[in-house]
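J.: Got a structure for you, written out below as structure tokens; questions coming shortly.
The values are calculated or read from the model by the stated rules, or taken from the named source; none is laboratory data. Note that the structure is predicted; figures quoted are calculated from it, not measured. Here Cβ is always computed from backbone atoms with ideal geometry, including for glycine, and neighbour counts include all displayed protein chains. Protein only, heavy atoms only, side chains kept; ligands, DNA and RNA dropped before computing areas. Shrake-Rupley method; radii C 1.70, N 1.55, O 1.52, S 1.80 Å.
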Amino acid sequence: MGRSRRRGDSGDPCWRGDGGDSRQVIEKKLGVEVGDLLLFVADKPETVNTVLSQLRTYLGEKLNQKGQDIYQFVWVTQFPLLEYNNDEKKFCAMHHPFTSPYEEDIGRISTEPLSVRARSYDLVLNGIEIGGGSIRIHRRELQTEMFKVLGIDEEEARDKFGFLLDAFEYGAPPHGGIALGLDRLVMLLCNAKSIRDVIAFPKTQKATCIMTGAPTHVSPGQLKELSLKLTKN
């Protein structure tokens, strides 16, 4: 469907803007041929990746390049364990706070948290995630360190996850798993445009359930059971 190229060395004249025929330099660097299309996106890496991915999918559909009768699987691994939330000014778990890091990366959790890889994995079919999972943390000291990096102090950790930390004291075996999205797989097999076309009781775009009528009135007893309280604006 085309070629994807990464930017060359920052020492190239075309990137420094200090003269030279920029177009010729770019064409030579990227091996451009007649009929090629070069697209440039400038922003943060996560924004660039998202935009280019969506653009590639859009063009694939418009140009009929997706190959509906071809099924290609890929495992995506070595996700970052953590990401930094600029709004909240703290680190957050990319997957969830119980995902185990790679053993060789554990020593960098406190010093270089963004360089730590997670033992999580996604199964992707034709660009659609159809399954995902991870290996879980099973040692108390590692889970405690993870909580600290996430800004969860000892009191909060005990209040929210005391049962888990206590269980680790008795010894927990290494464990993990994966969850498969059967509905997504069926959607791909049926060449459906939306997952709502293949599930028995689809939710509407307004997040309502036609079958049960949810969301609906919640009784005070139900709120009390969940320790929730409603306040009016």
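J.: Report, as a whole number in µm² per second, the diffusion coefficient that Stokes-Einstein gives for segment 138-233 at 10 °C and 1.306 mPa s using the Kirkwood radius over alpha carbon pairs. List each step's numbers first, then the result.
T.: Details: Rh = 18.3 Å.
In µm²/s, the coefficient rounds to 87.
J.: Using a 1.4 angstrom probe on the protein heavy atoms only, line up Leu228, Leu182, Leu150 by accessible area, largest first.
T.: Details: Leu228 100, Leu182 120, Leu150 15 Å².
Reading off the accessible areas and sorting them downward yields Leu182, Leu228, Leu150.
J.: Taking 0.36 nm per intervening residue step and subtracting the Cα-Cα distance, what contour gain separates Lys44 from Arg108 on full extension?
T.: Length gained between Lys44 and Arg108: 20.7 nm.
J.: With percent of Cα pairs over 22 Å apart defined as stated, name the option among (1) 49; (2) 59; (3) 72 computed from the structure displayed.
T.: Matching entry in (1) 49; (2) 59; (3) 72: (3).
J.: I would also like to ask the following. Once ligands and nucleic acids are excluded and a 1.4 Å probe is used, how much of Asp69 is accessible, expressed in Å² to the nearest 10?
T.: Approximately 140 Å² for this residue.
J.: If you don't mind, there's one more thing I want to ask. Between Leu142 and Lys90, what is the spin-label point distance in nm, taking each point 7 Å from the Cα along the Cα→C-beta axis?
T.: About 2.3 nm, to one decimal.
J.: Which shape class, rounded, prolate or oblate, goes with segment 41-98 when its Cα gyration tensor gives a ≥ b ≥ c as root eigenvalues, a/c under 1.5 marks rounded, and past that a/b bigger than b/c marks prolate?
T.: Taking the square roots of the gyration eigenvalues as a ≥ b ≥ c, segment 41-98 is oblate.
J.: Kindly report the accessible area of the chain per residue (heavy atoms of protein chains, probe 1.4 Å, no ligands, DNA or RNA), in Å². Walk me through the intermediate numbers first.
T.: Numbers: 17580 Å² over 233 residues.
On a per-residue basis, the chain sits at 75 Å².
J.: In whole percent, how big is the carbon plus sulfur part of the accessible area of the chain, probe 1.4 Å, protein atoms only?
T.: After summing per-atom areas, the C and S share lands at 53 percent.
J.: Further, regarding this structure: Tell me the volume per residue, in Å³, of the convex hull enclosing the alpha carbons of segment 80-198. List each step's numbers first, then the result.
T.: Working: hull volume 17.9 nm³, N = 119.
Here the figure is 150 Å³ per residue.
J.: Averaging over every viewing direction, what projected area does the convex hull of the Cα atoms of segment 90-129 cover, in nm²?
T.: 3.7
J.: Once you put a point 7 Å from the Cα of Thr216 and another 7 Å from the Cα of Leu30, both along the Cβ direction, what distance in nm separates them?
T.: Result: 5.7 nm between the two label points.
J.: When only the heavy atoms of the protein chains count and the probe is 1.4 Å, how do Met187, Met146, Met94, Met211 rank by accessible area, highest first?
T.: Details: Met187 25, Met146 0, Met94 80, Met211 120 Å².
Most to least solvent-accessible, the answer reads Met211, Met94, Met187, Met146.
J.: Moving on. Estimate the FRET efficiency between Thr57 and Arg196 by the formula 1/(1 + (r/R0)^6), using the beta-carbon distance for r and 25 Å for R0, to the nearest 0.05. The partial results should precede the final answer.
T.: Details: r = 19 Å, r/R0 = 0.75.
Plugging the Cβ-Cβ distance into 1/(1 + (r/R0)^6) gives 0.85.
J.: Okay, moving on. Considering only protein heavy atoms, with the full assembly of protein chains and a 1.4 angstrom probe, order Tyr102, Tyr170 by accessible area, largest first. Don't skip to the answer; put the middle values down first.
T.: Numbers: Tyr102 55, Tyr170 200 Å².
Largest accessible area first, the residues go Tyr170, Tyr102.
J.: Got the relative contact order for segment 87-213 handy, in percent, Cα pairs under 8 Å and 6 or more residues apart? Spell out each step's value before the answer.
T.: Values: 138 pairs, mean separation 27.0, N = 127.
Normalised by residue count, the contact order of segment 87-213 is 21 percent.
J.: I would also like to ask the following. Take the alpha carbon atoms of segment 16-124, find their radius of gyration, then divide it by 2.2 N^0.38 Å using N residues; give the quotient. The partial results should precede the final answer.
T.: Working: Rg = 19.6 Å, N = 109, 2.2 N^0.38 = 13.1 Å.
Cα Rg divided by the expected 2.2 N^0.38 Å: 1.50.
J.: If I model a spin label at Lys160 and Tyr71 as a point 7 Å from the Cα along the Cα→Cβ vector, what separation in nanometres do I get?
T.: Each label point lies 7 Å from its Cα, and together they span 3.9 nm.
J.: Explain nothing, just compute: Karplus ³J(HN,Hα) = 6.51 cos²θ - 1.76 cosθ + 1.60, θ = phi - 60°, for every residue of segment 124-130 in order, whole Hz, x for Gly and Pro.
T.: 10, 10, 6, x, 10, 5, 10
J.: For the chain, what is the calculated [θ] at 222 nm in deg cm²/dmol (nearest 500), taking -39500 (n - 2.57) for each run of four or more DSSP H residues and dividing by its residue count? Could you put the intermediate results ahead of the total?
T.: Numbers: 7 runs with 71 residues, N = 233.
-9000 deg cm²/dmol, from helical runs alone.
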